[in-house]
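Structure first, commentary second.
Please treat every number below as a calculation from the coordinates, not as lab data. Please read all numbers here as calculations on a predicted model, not as lab measurements. All Cβ positions, glycine included, derive from the backbone under ideal geometry; neighbour counts span all protein chains shown.
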Amino acid sequence: MSTSNFTRRGLMKTSAVAGAGLALPTYLSAANHAGYTNAPQGDTVTLGFNVPQSGPYADEGADELRAYELAVEHLNGGGDGGMMNTFSSKELQGNGILGKKVEYVTGDTQTKSDAARASAKSMIEKDGAVMITGGSSSGVAIAVQGLCQEAGVIFMAGLTHSNDTTGKDKKANGFRHFFNGYMSAAALAPVLKNLYGTDRNAYHLTADYTWGWTQEESIAAATEAMGWNTVNKVRTPLASTDFSSYIAPVLNSGADVLVLNHYGGNMVNSLTNAVQFGLRDKQVNGKNFEIVVPLYSRLMAKGAGENVKGIHGSTNWHWSLQDDASKAFVKSFGTKYGFPPSQAAHTVYCQTLLYADAAQRAGTFNPCGIAEALEGYEFDGLGNGKTLYRAEDHQCFKDVLVVRGKENPTSEFDLLEVVEVTPTAQVTYAPDHPMFAGGALGSCNPGA
Amino acid sequence: MCGLFSNTLVGTMDAIILQVLNGLDKGSAYALIALGLTLIFGTLGVVNFAHGALFMIGAFCAVTLQRILSLSKITLSETKTNFLGQPAEIKTPYVESWFGPEMGAAIIDWSVPLAIFFSIPVMIAIGFIMERGLIKHFYKRPHADQILVTFGLAIVLQEVIKYFYGANPIPTGAPDAFKGSFDFGLMLGYEANAIIYPYWRLVYFAFSALIIGMVFAFLQFTTFGMVVRAGMADRETVGLLGINIDKRFTIMFGLAAAVAGLAGVMYAPINSPNYHMGMDFLVLSFVVVVVGGMGSLPGAVLAGFMLGILESFASMNQVKAILPGIDQIIIYVVAIIVLLTRPRGLMGRKGVMEE
C-alpha cells in the first residue's frame, strides 16, 4: 500500500499534461483547415436540410426532402445519376463531394421563423452541418439566411419568391436558385396583355407579409406599365381561411381582373372562394372577368381542384418540360417515388448539386471559396436552360415559365400546362433596381 | 351634391347587404360549433377544446365518402402512357360499373350531401368513444385539466388525420347543381352583379338554421330534452330523483359531436378541408361561447351570427380605410367590450363557472 505512487495530486498532474498533449494536434489541425465553421473532418461531409416537416406546408417539405435524398444518392454515386448526367459542369464524379461521402441531417422549420432558426442552429452547432438549405416560405428563408451569415455557413435557399431574399435582405452567404416576384411579373405581363388587352382594371388581394407585398408591388408595376389600372390593393391576414368577405366586394368595384397574391392554403381558399362566387362567369365593363395567380405551385393547385382551370400564373419549373435535363430528373424521381417532382423538389435538387459542384471546383468547403465559385457562375443542364448565378445579389437568372390551369387534365399530376417560356433577358433587372434596393450583400463570413 | 351623396349611399348599401349575407354565412359555422360546445359545457361541465377537431373530422367524413365512392377498378391502358412512359392507368369507379355511368357520376357528384348520412353515425360513435374513453375521467378535475386534456386530444386527432390524408387541402366540391351564384341584386332592383352570393353558401346557411332549429326543438319538446335541460339547471337534484343523468349526458356528447360534424361536412365545399381547419375555428368558437354567455344555447347562436356579421363588416374596404387591420382584431375587440359591460356574456346565467 505505502509503496504506491498513485496519489490524487499526482494523478491530476499527469492527466493535465496528457490532456494538453492530446489537445495540441486538434488545435493545430483546425489551423490547417484555414478556420471555417464545421470544416469536415474524416471522410464524410454533413449537409443540413431544413424543410417544413410539420405545419401547413408539410407536403411541400416532404417533396423537398425526397429531392434532397435523391440528390445525396446521386452525389454518392447511387441511382441513375439524374441531372448530374445533364449538368454542364462535369466536376462531380459520383464519389461524394471532394472525395467525402455526403451525409445529411434534417430539421423542421414548421414554416415559422423562430422554429426554422432554432433547427438550423442545432444542425450547425450539434450536427456539424457545413451548409443549410431548404424551406418553403420567404419569411423563413430570410430569417435562416441571416442566421447562416452570422454562423459562417452557406445557405442555399429553397422555395422563396419574395424580392427581398436577394433584395434588401440579401446576404453574402446566401444563394437563391428559385425565381422571384419581379420575374413573375415581368414574365406574366406580356402574356396577360396578349390575352386580356391593355384596358383592364385589376383588384389585388395580397397575403400580408414580405412575399405578398413584394409580389403585389411587382405585378402592379408591370401591369400598370402596359396600361392597366389598379383599382384596389387589399391586404388579407395570413391566418385567413374564408376569403368571402374580401371577394364579395370585388365584382362591384369596377375591376375586371382579380390578382391573388396568395400562396399555399391562402391561395387554395381564395381561389376556391373566387370561383364559388362565380366571378369567372361574369362580364364586367363588357369583358370577361379574369383571375390571375402569379405564383403557381402544382402541389397547391391540387388542393384547389378544378378551380384552377384556365387560370394563368408563373412557375419556376414544371415536370412536363421536354428538355433532356427535366426528363432525366422526372425519370429519376418518378422511378424512385412513383410520382413526378414538384417545383420545390426541383429547386432544392438543383441547389444541392450546385453547392456540391461549387465545392468541387473551389477545392474547399470554406464558405468564401464556395461563394466565389458560385458568383457569376454560368451553367446549363438543370432543367431551366442557360442560367447565371449573378455575383451582385446571388440570384439565379433563367427562363421563367408562364403556365395555365389545364382544361382537360389526363392525370392527377397533369394540372398545369406551360403557355410560354419567357427568355431570361426579359426577366433580368439591374442589381440596384428600386424594388431590390436597400440592403447590402456584405462580405462572406467563414465563421470560426 | 345630393345625387353624389345618394350614389355613394347606394354604392355602400349593396356592399352592406353583401356583408350581411357573408356574416350570416360565417356566423352559421360559428353558431353550429359554438352550439355543440355549449351543449357539452352546459350538460357535462367540460370545456371541450377538441370540438374544433370534431368539426374537422366532419369535413373529412365528406372527403372519406368521396374517396370511398370514387374507389376505382384500375386497368392498364394499351394506348396511353403515364409520365414515365409506362402504360397509363385507367380508373373506372365501382359505382359507375354497378349503377351505370350516369347514375354513378351523379352519386359521386352528390357525395357531400350524401356524407351527411355517413357522418351522423360516425360522429356519434366518435363522440361516445371520446366521452366514455377519456373525458368521463375528467369530470371531477379542475377546468384547467379538462382544457389541457381536450387540447391534447385535438392535437392528436389532427396529427392522425394528417398522417392519413397529408397536409395539403383536399378539394371536395359541391354538386354541380349548386355551383355558381345567385343574383340578389336583381331581385332588389340593383344592376346585375351588384349583390351576388354563391348557392352553396346559401345552402349552408339554410342547413345550419335547420340544424339549430332541430336541436332547440329536441331540447324543448321531447321528454329526453326536458330531462337534459333539468340536468343542466341542477344536476344533483335530477340525480336524486332517480334519473340516470350520466347516460343522457353521454348521448348529448354524441349529439354535440354530430352537430359539429355536420357543420364540417357541409363546410367542405366552401373551403377545401385540411387537417388544421379545426384549430382555425376553435379559438373563434370559444370567443363566441364566452360572448354569448357560458352555458347559454341561444346566447351561443346569437353571438355566432353577431360576430360573423361584425367580422364581415370589418373587412369592408371602406372600414379598413379608416381603421387598417381592424379585420384581424374585431372579434377580440367585441369580446373585450361585451365582457367589460356584461361580464357573464350576452345571455349568460348567474352561477355558471363561478363556483
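List the cysteines in chain A whose Cβ has no other cysteine Cβ under 4.7 Å from it.
Singleton cysteines: A:148, A:350, A:396.
With +1 assigned to the C-beta of every Lys and Arg and -1 to the C-beta of every Asp and Glu, and no other charges, what is the dipole magnitude of the protein assembly as shown about the Cα centre in debye, to the nearest 20? Intermediate values should be presented prior to the final figure.
Numbers: 55 positive and 64 negative charges, 404 e Å.
Computed charge dipole of the protein assembly as shown: roughly 1940 debye.
Tabulate in residue order the Karplus-calculated ³J(HN,Hα) for segment A:428-438, using 6.51 cos²θ - 1.76 cosθ + 1.60 with θ = phi - 60°, rounded to whole Hz; enter x for Gly and Pro.
Karplus values, whole Hz, x for Gly and Pro: 7, 9, 6, x, 9, 3, x, 6, 10, 7, x.
Please compute the net charge surrounding residue A:204, taking Lys and Arg as +1 and Asp and Glu as -1 over other residues with Cβ under 15 Å from its Cβ.
Working: positive: A:200, A:233, A:235, B:320; negative: A:208, A:216, A:217, A:224, A:256, A:290.
Value of the local net charge: -2.
Please state the charge dipole magnitude for chain A, taken about the Cα centre, from unit charges on C-beta atoms (+1 on K and R, -1 on D and E), reported in debye and rounded to the nearest 20.
On the way: 34 positive and 43 negative charges, 189 e Å.
That gives a dipole near 900 debye.
When chain B is modelled as a GNM with alpha-carbon springs shorter than 10 Å, which of B:319, B:46, B:95 fluctuates the most?
Answer for the Gaussian network model of chain B: B:319.
Nearest 500 deg cm²/dmol is fine: what mean residue ellipticity at 222 nm does chain B get from its DSSP H runs of n ≥ 4 alone, each adding -39,500 (n - 2.57), divided by its residue count? It would help to have the intermediate numbers written out before the result.
Values: 15 runs with 246 residues, N = 355.
My calculation for chain B gives -23000 deg cm²/dmol from helical runs alone.
Looking only at B:242, B:293, B:264, which one moves most when chain B is put into a Gaussian network model with springs between Cα atoms under 10 Å?
B:242
Please give the calculated 222 nm ellipticity per residue for chain A, where each DSSP H segment of at least 4 residues contributes -39500 (n - 2.57) and the sum is spread over every residue; nearest 500 deg cm²/dmol?
On the way: 13 runs with 172 residues, N = 448.
My calculation for chain A gives -12000 deg cm²/dmol from helical runs alone.
Name the residue, out of B:32, B:307, B:84, whose mean-square fluctuation peaks in a Gaussian network model built on chain B with Cα pairs under 10 Å.
The residue that fluctuates most here is B:84.
Return, for the Cα atoms of segment B:1-143, the radius of gyration and Dmax in Å, separated by a comma.
Every Cα atom of segment B:1-143 included, Rg and Dmax give 24.5, 73 Å.
Could you tell me which of the pairs A:112/A:309; A:112/A:331; A:170/A:193; A:309/B:179 are separated by over 24 angstrom between their Cα atoms in the structure shown? Show your work: numbers first, answer last.
Details: A:112/A:309 31 Å; A:112/A:331 33 Å; A:170/A:193 32 Å; A:309/B:179 15 Å.
Over 24 Å Cα-Cα: A:112/A:309; A:112/A:331; A:170/A:193.
Rounded to the nearest whole Å³, what is the per residue volume of the convex hull around the Cα atoms of the protein assembly as shown?
That works out to 242 Å³ per residue.
When you take every Cα atom in chain A, what is the radius of gyration, and what is Dmax, the widest Cα pair distance, in Å?
Taking only Cα atoms of chain A, I get Rg and Dmax of 24.6, 109 Å.
If I fit a long axis through the Cα atoms of helix A:138-151 and take the longest principal axis of the Cα atoms of chain A, what angle between them do I get, 0 to 90°, rounded to 10?
20
Can you work out ³J(HN,Hα) from phi for every residue in segment B:121-132, in order, using Karplus 6.51 cos²θ - 1.76 cosθ + 1.60 and θ = phi - 60°, giving whole Hz and x for Gly and Pro?
Result, rounded to whole Hz: x, 4, 5, 4, 4, 4, x, 4, 4, 4, 6, 5.
Could you work out the local net charge near residue A:299, counting Lys and Arg as +1, Asp and Glu as -1, over the other residues with Cβ closer than 10 Å to its Cβ?
Working: positive: A:298, A:302; negative: A:59, A:60, A:63.
Taking every other residue near residue A:299 into account, the sum is -1.
So which trypsin sites (Lys or Arg not before Pro) in segment A:70-149 end up in coil per DSSP with only 14 or fewer other C-beta atoms within 10 Å? Don't jump to the answer; show the numbers that get you there.
On the way: sites: A:90, A:100, A:101, A:112, A:117, A:121, A:126; in loops: A:90, A:112, A:126.
For trypsin sites (Lys or Arg not before Pro) across segment A:70-149 that sit outside H, G, I, E and B with at most 14 neighbouring Cβ atoms in 10 Å, the list reads A:90, A:126.
What nm value, rounded to one decimal, do you get for the distance between residue B:229 and residue B:72 when each label is placed 7 Å out toward the C-beta?
Those two pseudo-labels are separated by 5.2 nm.
Please give me, ordered by residue number, the trypsin sites (Lys or Arg not before Pro) of segment B:114-221 that lie in loop per DSSP and have at most 12 other Cβ atoms within 10 Å.
Numbers: sites: B:132, B:136, B:140, B:162, B:179, B:201; in loops: B:140, B:179.
Those that pass, being in a loop and sparsely packed, are B:140.
Across peptide A:232-244, how many C-beta atoms of other chains are within 10 Å of each residue C-beta, on average? All intermediate terms of the calculation are to be shown ahead of the outcome.
Working: counts 1, 0, 4, 5, 3, 5, 1, 2, 4, 9, 14, 2, 14.
Mean partner shielding for this stretch: 5.
To test your reading of the geometry: what angle, between 0 and 90 degrees and rounded to tens, separates the Cα axis of helix A:58-75 from the longest principal axis of chain A?
Result, in degrees: 50.
Within segment B:130-214, list the GluC sites (Glu not before Pro) lying in a DSSP loop whose Cβ has at most 16 other Cβ atoms in a 10 Å radius. Walk me through the numbers on the way to the answer.
Numbers: sites: B:131, B:159, B:191; in loops: B:191.
Listed in order of number, the matching sites are B:191.
Of A:336/B:73; A:126/A:171; A:100/A:121; A:90/A:168, which pairs sit farther than 32 Å apart, going by alpha carbon to alpha carbon? Show your work: numbers first, answer last.
Values: A:336/B:73 24 Å; A:126/A:171 24 Å; A:100/A:121 23 Å; A:90/A:168 34 Å.
Pairs exceeding the cut-off: A:90/A:168.
Excluding same-chain residues fewer than 8 positions from residue A:287, which aspartates and glutamates have a Cα within less than 20 Å of its Cα?
A:199, A:224, A:256, B:183, B:191
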